[in-house]
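Report on the structure given below.
The values are calculated or read from the model by the stated rules, or taken from the named source; none is laboratory data. All values reported here derive from a predicted model rather than from experimental measurement. Reconstructed Cβ throughout: ideal geometry from the backbone, glycine too, with neighbour counts over all protein chains shown. Only protein heavy atoms, including side chains, enter the accessible area calculation; ligands, DNA and RNA are left aside. Shrake-Rupley method; radii C 1.70, N 1.55, O 1.52, S 1.80 Å.
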Amino acid sequence: MPHVFHLGVHPTQLPTFDFANINTVPEKPGVYIIYEPAGPFYVGRSGSNIRRRLLAHLNGTGNQNVKLATKIREVRGILTFTYAVLPKANQAEVEAVLIASLNVAQVANMRREGLYEEQFTD
C-alpha cells in the first residue's frame with residue numbers, strides 16, 4: 001500500500017477497513033479517509049501514528065463522536081480506506097481541505113479544530 005492517497009478511485013477498489021490491512025499502514029503521522037461503498041465517510045489524522053488511530057476507530061474507541069463509533073461498528077465489514085503519510089505541520093490544512101471537498105463535515109472531528117459545518121456548506 002503506497003503512502004499517498006488514492007483519490008478518485010471507487011471505494012470498493014481500496015483496501016478493506018480491517019485488521020489485516022490496517023496492520024500494513026506505517027506507524028507514522030498522516031491523514032486518512034475512511035469510505036463506505038457510496039463514498040467518503042470520515043476524514044481524520046494522527047500526529048504520531050496513523051496505524052494506531054485507524055485501529056482505534058476499528059475497535060470503536062477512535063472518536064468521541066458516538067454516532068461515528070456506532071456507525072463504524074455497524075458497517076465496518078464494508079468500509080475501505082486510504083491514507084497519506086504527512087508531517088504534522090501539514091495535516092490540519094490537508095484534513096480541512098479533504099473534509100470540505102469530500103463533503104464529510106457532518107461526521108468529521110472539526111470541533112477540535114475550531115471549524116464548523118457551516119464553513120463547508122453553500
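Among (1) closer than 21 Å to VAL94 by Cα; (2) at pLDDT 90 or above; (3) assigned to a helix (DSSP H, G or I), there is one condition HIS57 misses while meeting the rest; what is its number?
(2)
To keep it simple, each residue is scored yes or no on (1) modelled with pLDDT of 90 or more; (2) aliphatic (A, V, I, L, M); (3) open to solvent by 70 Å² or more (accessible area, probe 1.4 Å); (4) out of contact with any Phe, Trp or Tyr (no Cβ under 7 Å at 6 or more places or on another chain).
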| site | (1), (2), (3), (4) |
| --- | --- |
| PRO11 | no, no, no, no |
| GLY47 | yes, no, no, yes |
| THR61 | no, no, yes, yes |
| LEU86 | yes, yes, no, yes |
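Considering region 15-44 alone, what residues qualify as being outside any strand (DSSP E or B) and open to solvent by less than 10 Å² (accessible area, probe 1.4 Å)?
The first filter runs over region 15-44 and keeps only residues outside any strand (DSSP E or B), leaving 15, 17-29, 37-38.
Selection gives PHE17, ILE22, VAL25.
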